[in-house]
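Have a look at the structure below before the remarks.
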Amino acid sequence: MSLEQALAKYELWLNDPLIDDETRQELSSLQGNDKEIEDRFYRDLEFGTGGLRGVIGAGTNRMNRYTVAQATQGLAQFVKQVASGQPSVAIAYDSRNQSPEFALEAALVLAGNGVKAYVFESLRTTPELSFAVRHLGATGGVVITASHNPPEYNGYKVYGSDGGQLVPRDAERVLAEIQTVDALEKVRRLERSRAEAEGFLEWIGEEVDEAFISAVAQMSLHPEVIRSVSDRFHLVYTPLHGSGNLAVRSVLNRIGFKNVHIVPEQEQPDANFSTVKSPNPEEREAFTLALALAKEKQADILIGTDPDCDRMGAVVKNDQGEYVVLSGNQSGAIMAHYLLESLKQRGELPDNGVLIKTIVTSEMGAAIAESFGVRVMNTLTGFKYIGEKMTEFERTGQYRFLFGYEESYGYLAGTYCRDKDAVLASMLICEAAAYYKSQGKTLYDVLQELYAEHGYFQECLESRTLKGKDGLEQIRGIMEDWRQTPPVQIAGVPVTRVQDYSQGIDGLPAENVLKFTLADDSWFCLRPSGTEPKIKTYFAVRGATGEEASARLEQLRTDVMARVDRFQ
C-alpha cells in the first residue's frame, strides 16, 4: 500500500463517527507525521494462523478495540457456519495492557452475532483456555495475549472446537470472513448488560479451574517419590508477572511439593513487566531475581513461565554447583526420558505410543523416544500442528499421544488440552528433579547420561528483528536469496539436502521455511516468525563429545549468519 493510500485510511478513521474520542485524540496527535501514519495504516494487522499480534495503538496495523472487533465479527461468522448447535466461544486473557478490555470487546461482538461467550472473570493461562473449550463443549476459543513479546504488544489467538489453535485451512476461512468486515459499521455488538441478561455472556471461573488443575495433576507419575523427598527438596518459581502464579502453585501443592518459593517481586501481574527486560523464560536475564532467591534457598531447580503460561524455562545446578539455564531442547529431552522411563517401569508404555516434535526441534528427543520403541513424528513449527495430530489420533485410535514439544519451551503430555502447557511442564520437570534426587542425581547429571548414550546434541537460535515495511522486504529478500541460490557447502561440509517447505513437502502444509541438511547430519533452518517482525535461524549438530559439538555448532552458525546479515 502506498503512502497516499495509508493517509486516506487514516483520514477515514479520523472522521469515522464510530471511533471513540480517546482514539480520535491519539490519531489527531499523528497529523504531520507521515512515517508513523504509514506504519499504522499501510496494511491491516495480519490475521495469520496464530491470530493477531501487534503493537497496541490506533490504526489498522495495531492492536486496538476496533481491530479486535473486526476480527471477532469475522470469527463469529465462521463459528456460526461450523457449529452443530448453539455456537459458543470461550475467552481468556493474560496480564497485558488492555487484555481485559479486548476480551470483553470480543465477547460483546460475539453476543451481537448470537454467539455465546464464556469469559473467565480474571486472567487465566492459555492452556486452561484450551482445556475450557473442550470442557465446555465450545465451538471455539480466544486468548488475548502476546506471549513473551515486549509490553507494548498484545494479541488475539483463536482456537477450534478441539481446543487447538486454528490450523491454516481454518485460519484462512476465518480470514476470508474478516475480509468481508471492511468497515466498522459492519461489526454487530451488544452492550454488556444486555449480553448478560440474554445469556450470551457468561462469566466462568472456579469450576473450570478445579477441573483443569485436576486434569494436570493426574499426569503426575511418581507422587510417592515427591512425598518422600519433599522436606528436603526446594524449588523457586517465577510467573514473570503473568498468569501462571495460581495455577502452577496449585498443581505443585496438589502433588506434594512443600517448599515452593515464589519470587516476590514477580509474583503479581504487571502489564509492563517492570522487573525484566523481556518476560521470556528462554533468556537467562529473566531469571536474575529467581537466581538470587535460589542461592538463598539452595534450590534444587528454578522454573519460570511466560505471561500466558504456555512456555516454561528451567534452571538447574551443574557439576560445579552453578546454576545453568536449560534450553528448550534440553528440558524437552529430560522430560521425554523421564516420562517414557516411568511408563516403561509401570508397564504402561503402549505399543502405539507417539512423540511429536517440530522440524526445528533437536533430534535428541527423537533418539530417546526411539530407544524406548516409541514412534516419532515431525510437524511444522507451531503447537497447533501437534494439537492437530492429537485430534487425528483421538478420532482414528491409530496412535496414542504421549509427549509433544518444540524447542521454544513448549511442552505437553496427556490429552486434556491441545496446546503447550507450562503448568504441566512445571509439574513434570520438578517431579523429574525430585525423582532423580531420590537417586542421588541432578537433572544436569541425567542430561550428561543422555548425551553419553545418544550423542552430544547441541543447538542454538539466531533471531534478527527487522521492523516495519522495510523489515518485511528484508526478510523476503533473505528467504529468496537462500531459496534461489542454495549453498553447495557450509562450514566446509557439503549440503546434502535442501527442504523447501513452501512446496508442501513431507505431507505437511505449505509454509515459508527452508531447511538445509549437511553431510555430517548437522542442519540449519531459516524461518520468518509468524507472530513477530523477525527472521529466525536454527542450528543443530551432533558430536562424539561436547567439545566437538560446540566447535561444529559455532562454525556453522558463523558461516550461515554471515550470509543472512548481508541484508541488514
message: What value in Å³ per residue do you get for the convex hull of the alpha-carbon atoms in segment 78-234?
response: 153
query: Per the Kirkwood formula on distinct C-alpha pairs, the Rh of segment 1-42 is how many angstrom?
result: 10.2
query: What angle, in degrees between 0 and 90 and rounded to the nearest 10, separates the Cα long axis of helix 99-112 from the longest principal axis of the Cα atoms of the chain?
result: 60
task: Count the DSSP beta bridges whose two residues both fall in segment 61-204, then state the antiparallel fraction as a percent rounded to the nearest 5.
output: 30
query: Can you pull the three principal axis extents for the Cα set of segment 154-313, in Å, largest first?
result: 61, 35, 35
- prompt: Which of the pairs Lys344/Lys437; Lys35/Lys277; Lys295/Lys467; Lys157/Lys297 have their Cα atoms more than 31 Å apart in this structure?
  reply: Lys295/Lys467; Lys157/Lys297
Inter-label distance, nm, simple model (7 Å from Cα along the C-beta direction), Leu472/Met561: 2.7
Förster radius 25 Å - calculated FRET efficiency between Asp521 and Gln345, Cβ distance, rounded to 0.05: 0.20
- prompt: Mind ordering 435-447, 131-143, 514-526, 345-357 by average Cβ neighbours within 10 Å, highest first?
  reply: 131-143, 514-526, 435-447, 345-357
query: Expressed as a fraction of 2.2 N^0.38 Å, the rule-of-thumb size for a compact globular protein of N residues, what is the C-alpha radius of gyration of segment 456-567?
result: 1.07
message: Stokes-Einstein diffusion coefficient for the chain at 25 °C in a medium of 0.890 mPa s, Rh from the Kirkwood formula over Cα pairs: what value in µm²/s?
response: 100
- prompt: Using a simple spin-label model with points 7 Å from Cα along the Cα→Cβ vector, what separation in nm is obtained for Gln218 and Glu322?
  reply: 4.4
message: Binning at 5 angstrom from zero up to the longest distance, how are the C-alpha pair distances of segment 212-454 distributed in percent?
response: 1, 7, 15, 19, 21, 17, 11, 6, 2, 0, 0
- prompt: Once the Cα atoms of helix 168-178 and of the chain are each reduced to a long axis, what angle between those two axes, in degrees from 0 to 90 to the nearest 10, is obtained?
  reply: 20
Segment 238-373, Rg to Rh (Cα coordinates; Rh as Kirkwood inverse mean 1/r): 1.01
message: Along its three principal axes, how long is segment 1-72 when you only count alpha carbons? Whole Å, largest extent first please.
response: 35, 27, 17
- line: Projected convex hull area of segment 54-135, Cα atoms, direction-averaged, in nm², equals 5.5
message: Projecting each Cα onto the charge dipole of the chain (Lys/Arg +1, Asp/Glu -1 at the beta carbon, about the Cα centre), which of Phe524, Ala247, Tyr436 comes out farthest on the positive side?
response: Tyr436
- prompt: What share of the DSSP beta bridges in segment 212-454 is antiparallel, in percent to the nearest 5?
  reply: 40
- prompt: Taking a temperature of 37 °C and a viscosity of 0.692 mPa s, what whole-number D in µm²/s does Stokes-Einstein yield for segment 312-416 with Rh from Kirkwood over alpha carbon pairs?
  reply: 232
- prompt: Helix 443-454 versus the longest principal axis of the chain: what angle, 0 to 90°, nearest 10, using Cα atoms?
  reply: 80
message: Between Glu202 and Ala452, what is 0.36 nm times their sequence separation minus the Cα-Cα distance? Round to one decimal in nm.
response: 84.6 nm
- request: Subtracting the Cα-Cα distance from 0.36 nm times the residue separation, let me have the gained length for Asp20 to Glu285 in nm, one decimal.
  value: 91.4 nm
query: For the chain, what is the percent of antiparallel DSSP beta bridges, rounded to the nearest 5?
result: 60
message: Checking a compactness column here: for segment 407-467, what do you get for Rg(Cα) / (2.2 N^0.38 Å), N being the number of residues?
response: 1.47
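Values quoted throughout were computed directly from the atomic coordinates according to the rules given, and no laboratory measurement underlies them. This one's a predicted model, so the numbers in the text were calculated from it and none came from an experiment. Every residue, glycine as well, gets a Cβ built from its backbone with ideal geometry; the counts of neighbours run over all protein chains shown.
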